[in-house]
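The values are calculated or read from the model by the stated rules, or taken from the named source; none is laboratory data. Fair warning: this is a prediction, and the values are worked out from it, not measured in the lab. Backbone-built Cβ (ideal geometry, glycine too); neighbour counts: all protein chains shown. All accessible areas refer to the heavy atoms of the entire protein, side chains included, with ligands and DNA or RNA removed. Shrake-Rupley method; radii C 1.70, N 1.55, O 1.52, S 1.80 Å.
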Amino acid sequence: MHPFSFVKVSDTREALAAGRHGGRYIAGGTTLVDLMRETVERPETLVDITHLPLRDITVTGRGGLRIGALVRMAEVAADRKVRHLYPVISEALELSASAQLRNMATIGGNIMQRTRCTYFRDVTAACNKREPGTGCAALEGVNRTHAILGTSQDCVATHPSDAAVAFAALDATVHLLGPDGERGVPFANFLLRPGDTPDREHALLPGELITAVEIPAHPRPLKSGYLKVRDRQSYEFALTSAAVALHIRRGVITEAKIAAGGVGTVPWRLPAVEQQLIGRRPSDRLWAEAAERAAEGARPLQHNRFKIELLRRTVERQLRIVGGGK
Ligand code: SF4
């Protein structure tokens, strides 16, 4: 591990001052410390933000939710408001990581976590994300777990967060505080596809701090849930996953919010599937028909072609679980 200095701050003013001078924010530290041990990350200064007052979960408007950036994953998953209003968020969190990690990791850190691509974590391998311009060892390497959507010639790594898939489906906004004040970024614009700059992963400006993730109010009743398919049943990242939220009124689907995980370089919204559902009545036939469009635009690699069919089945199954049907 490279030497670094450590600053503890107690309010956002102090945090921003430290961030302005190149300090790297740390809270749960469940990703960053691992990466520092492996010398993938080499920050000069860590700014401990654990004591900032960003630990509330509040209901906004008519059923929206604002989740402070420093609320722990386990706290969000167990929160009665979250479980009642957006079970898709609780389920995504409960299926993430291990109990120990969920007790430490924060919601802000969860959406900022870095890819699990093994080449990214191996400092002897070529990796454009870690060292721009060095190449991508995954393109010709073992790429079974890599992305099939949103990839580029420079990077094919998936985004690992489950909660981020639920936030993408629910049209969340990420609230930021920086030297120039506050701003909100739609979740769809917050995490960046790799393009030719895979080292740029998010829309944060230098020194900006995530303060909250906000879910807007959705029409009620809203049924929602998260399905994760993985190589083993716990402490494993998704091969495919599906976050589904449906508003069904008088037997007709009037809102459908669907996103997939484990398949995209960012949480992957599925507008073609959503469009297929609007104005229709729930049925097994409809779920199958809509799920056919889940992998539209996929570009599989040598070892991950199976994800196309697995994604279709994951989406179909989760539509049936959430929406019912015959
Ligand atoms: Fe690096 Fe991305 Fe290639 Fe993995 S897929 S080796 S993270 S450039």
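Were the residues from residue 142 through residue 232 laid out at 0.36 nm apart, the gain over their Cα-Cα distance would be 30.5 nm.
Kindly state, to the nearest 0.05, the FRET efficiency for residue 116 paired with residue 223, given R0 = 25 Å and r defined as their beta-carbon distance.
The computed FRET efficiency comes out at 0.25.
Taking 0.36 nm per residue of separation and subtracting the current Cα-Cα distance, fully stretching the chain between residue 292 and residue 20 would add 93.2 nm. So what is the relative contact order for the chain, in percent, with contacts set as C-alpha pairs under 8 Å and at least six apart? Averaging sequence separation for qualifying contacts and normalising by length gives 17 percent for the chain.
With the gyration tensor restricted to C-alpha atoms of the chain, the semi-axes of the equivalent ellipsoid amount to 32, 25, 16 Å, longest first.
With Cα atoms defining each centre, segment 189-233 and segment 60-90 are spaced 15 Å apart in the structure.
Maximal additional length on extending the residue 131-residue 8 stretch stands at 41.4 nm, based on 0.36 nm per residue less the C-alpha distance. Solvent-accessible area of the chain (1.4 angstrom probe, protein heavy atoms only): carbon and sulfur portion equals 50 percent. In the context of the full set of protein chains, residues of the chain present 46 Å² of accessible surface per residue (probe radius 1.4 Å, heavy atoms only). Only DSSP H runs of four or more residues enter the estimate; each adds -39500 (n - 2.57), and after division by the residues of the chain the mean residue ellipticity at 222 nm equals -7500 deg cm²/dmol.
Partner lysines whose Cα lies under 17 Å from the Cα of residue 228, excluding those fewer than 8 positions away in the same chain, are identified as 257, 307. Counting charges near residue 126 (Lys, Arg +1; Asp, Glu -1) among other residues having Cβ under 15 Å from its Cβ returns a value of -2. Spin-label model, residue 39 to residue 103: label points 7 Å out along the Cα-to-beta-carbon direction sit 3.3 nm apart.
Between residue 284 and residue 199, what FRET efficiency comes out of the Förster formula 1/(1 + (r/R0)^6) with R0 = 51 Å and r the beta carbon distance, rounded to 0.05?
With a Förster radius of 51 Å, E is 0.70.
Using the Cβ of residue 75 as centre and a radius below 10 Å, the other residues enclosed give a net charge of +2, where K and R count +1 and D and E count -1. If you take all other residues with their beta carbon under 12 Å from the beta carbon of residue 313, and give Lys and Arg +1 and Asp and Glu -1, the sum is +1.
Distant-in-sequence amide contacts of residue 45, defined by a placed amide H-H separation under 5 Å and a gap of 5 or more residues or a different chain, comprise 5, 24. Note that segment 127-135 has calculated 3J(HN,Hα) couplings of 7, 5, 6, 7, 10, x, x, 8, x Hz, one per residue in order, obtained from phi through the Karplus relation 6.51 cos²θ - 1.76 cosθ + 1.60 (θ = phi - 60°); glycine and proline are x.
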